[in-house]
1. Please compute one quarter of the surface area of the Cα convex hull for region 269-318 and express it in square nanometres.
2. Based on alpha-carbon positions alone, could you give the equivalent ellipsoid semi-axes of the chain from the gyration tensor, as √(5λ), descending, whole Å?
3. Rounded to the nearest 10 degrees, what's the angle between the helix 229-257 long axis and the longest principal axis of the chain, both from Cα atoms, 0 to 90?
4. Over region 58-123, what portion of Cα pair distances is larger than 16 Å, expressed as a whole percent?
5. Antiparallel as a % of all DSSP beta bridges within the chain, to the nearest 5?
6. Could you work out how far the C-alpha centroid of region 141-165 sits from that of region 76-112, in angstrom?
7. Under 5 Å between amide H atoms, partner at least 5 residues away or on a different chain: which partners does D97 have, H built in plane at 1.01 Å?
8. Subtract the Cα-Cα distance of F191 and N151 from 0.36 nm times their separation in residues, and report this length gain in nm to one decimal.
Amino acid sequence: MALVSVVVPFYNEEGNVPEMIRRTSEVLDRVVLERGDDYEIVTVNDGSRDGTLNALRAAQRAQPRLVVVDLSRNFGHQIAATAGMETARGDAVILMDGDLQDPPELIERMLATWREGYDVVYATRRARRGESGFKLFTARLFYRVIRRMTNVDIPVDTGDFRLMSRRVVDALGQTRERHRFLRGLVSWVGFKQTGIEYDRDARFTGSTKYPLSKMVRFAFDGITAFSEIPLRFATYLGFVVSAFAFVYTAIVIALKFLGQNEPGYTSMMVAILFLGGVQLIFIGILGEYVGRIYDQIKGRPLYLVSSVERSSPASISK
Ligand code: UDP
Ligand code: MG
């Protein structure tokens, strides 16, 4: 008998909890229980300020296979997902969002592919409904840029909605990176991976918990965790600018000996402003890496759990 875990992080999603649990349970009852296997739905309350925790507890009374992990505060989506995956005990673990943008019905195909022997079945977005043109464009761009910047084969247009086998989840558990970019880590782990395509729905209720500022930070986390190219840029650009400066210096000296002194205010301002800007940018990039090193070196736990609530085994009957 196999155990399937579905992990769902929730942050201020009280309006989505009942429908999310209802639809997911319906699918799991049909595709897991009827085969004689079992499942658990591991929900993580990521420090919500609304009634999400109460909604989860209420759902648990009607659905004993629901596990409620309550974190001590808001740790962010990637860490909340990690906490859920580390609580999950399944032979296969499926990670999905709590706003029904990832249709639970896809679980059936994921499980079928896993049973064929794949370790990771990721869901690639063919279409995305209910999201702004700006988000679609920046997301598309981001996945293509990060792919070019790293040796890890990170699939494009693919979020965290995916199935992972036990050995992949255990491998992820060994990575203690604080600035987690889960979709990259999963690719880094390796094993047998494949994708299936789906159309991403609009949110059921509520609005996105990823405003632009968080998206930018998330993009930086992904890039810094999987690429050193931004650091090397400074070196490359330094060489180019130095070569240019060398030639230009020779010209200026030659002109001086020919008695043709240029007034030079414009060229000087351009050089100062350009180099000043470039230097600040690269100090900033260095700072992004150094800050993450500092954060990592402090070695604080990734998250703190306030409580884990499971129904008694006796209440889970088939
Ligand atoms: N989420 C979370 N902690 C956070 C932010 C988001 O657990 O700090 C959850 C959120 O409740 C949802 C999932 O992560 O289940 C994805 O977030 P969201 O739908 O806001 O992101 P989007 O789909 O807009 O990119
Ligand atoms: Mg969403």
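1. Numbers: hull surface 30.4 nm².
Result: a mean projected hull area of 7.6 nm².
2. On the way: eigenvalues 483, 76, 64 Å².
Working from the Cα gyration tensor, I get semi-axes of 49, 19, 18 Å.
3. Result, in degrees: 10.
4. Values: 1278 of 2145 pairs.
Across region 58-123, Cα pairs with separations above 16 Å total 60 percent.
5. Values: 12 of 37 bridges.
Percent antiparallel among DSSP bridges in the chain is about 30.
6. The two parts, judged by their Cα centres, are 17 Å apart.
7. D102
8. Working: separation 40, 0.36 × 40 = 14.40 nm, distance 1.58 nm.
Result: 12.8 nm gained on full extension.
Quick note: the coordinates plus some simple rules give every number you see, no bench work behind them. Computed from a predicted model, the values in this text were never measured in an experiment. Using ideal geometry, Cβ is built from the backbone for each residue, glycine included, and neighbour counts are taken over all protein chains shown.
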